[in-house]
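The structure appears right after this line, and notes come after that.
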């Protein structure tokens, strides 16, 4: 069945009204009609089976017949703090991490970041595009939420304000502790985990030390140096696999 995200406020009792692009898509692209079923998701991890009751040019009204927690949502919340990469790499990172189960993504600026945000308008424009990529990936992978993409902030603010239960700093200079060994040292899965990935040129030593001072644990992803657009995806996949989120 086709899947659509709605705001919780759109659901009134067992009735939901769909408008805008989704209403157009249901009618003109999918050509669905009365009595056909769709899946609604309230962006909070709950899925609804709904039957189309009424079709208009700009409105679809459906009746909810059942609801259940989304089976596609991980039990753990993993956040990615990603240093801004060059070109369209950020869109690829967002798309693949959403498919793999990321909870939220915070773009950050670092000393060696090549890409810079020129002003607030530029930031809003980029985030709007990134959020659309996240939404499309969430629909495709049958997620129960649309992961939130934040406006970029500096690394100092990011590492200071993060309050995840486990905070992982992926740093190529780490020689003693691997992600594998750290995960196996955890008795229970942390409710929330944050991952910090540097830019193409890596984090400056002062930035990694700053993160450690705020409780970030430095870990290695192995002897091979991964690109910035690969590191977060690889680590996320490993974390999800380790905590049995792929079963």
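Observations on the model:
- Here residue 43 meets each of (1) modelled with pLDDT of 90 or more; (2) closer than 17 Å to residue 19 by Cβ; (3) in a loop (DSSP other than H, G, I, E, B) with one exception, condition (1).
- From the options 49, 60, 34, 39, residue that is outside the structural domain of residue 145 (by TED's automatic domain parsing) and either buried (at least 17 other Cβ atoms within 10 Å of the Cβ) or touching a helix residue (DSSP H, G or I) at 6+ places or on another chain (Cβ under 8 Å) (or both): 60
- Restricting the search to helices (runs of 4 or more DSSP H) fully inside segment 106-190 and requiring at least 3 residues that are more than 17 Å from the chain's Cα centre (by Cα) and farther than 29 Å from residue 218 by Cβ gives 120-140.
- Only one of the listed residues (247, 200) is in a loop (DSSP other than H, G, I, E, B) and not assigned by TED's automatic domain parsing to the domain that holds residue 155. That residue is 247.
- Meets criteria (crowded, with 18+ Cβ neighbours inside 10 Å and at pLDDT 95 or above) for residue 228: no
For (1) over 25 Å from residue 226 (Cα atoms); (2) in contact with a helix residue (DSSP H, G or I) (Cβ under 8 Å, 6 or more places away or on another chain), each residue gets a yes or a no:
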residue	(1), (2)
82	no, yes
86	no, no
95	no, yes
98	no, yes
103	no, no
113	no, no
116	no, no
132	yes, no
142	yes, no
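- Here residue 102 passes the criteria (1) touching a strand residue (DSSP E or B) at 6+ places or on another chain (Cβ under 7 Å); (2) modelled with pLDDT of 95 or more; (3) not in a loop (DSSP other than H, G, I, E, B) except the one numbered (3).
- Selection within segment 3-30 - surrounded by 15 or more Cβ atoms within 10 Å (Cβ to Cβ) and assigned to a loop (DSSP other than H, G, I, E, B): 6
- Entry remark, segment 203-217: residues being touching a helix residue (DSSP H, G or I) at 6+ places or on another chain (Cβ under 9 Å) and either buried (at least 20 other Cβ atoms within 10 Å of the Cβ) or under 17 Å from residue 100 (Cβ atoms) (or both) number 4 in total.
The values are calculated or read from the model by the stated rules, or taken from the named source; none is laboratory data. Just so it is clear, the model here is predicted, and its values are computed rather than measured. For neighbour counting, all protein chains shown are included, and Cβ atoms are generated from backbone atoms with ideal geometry for every residue, glycine included.
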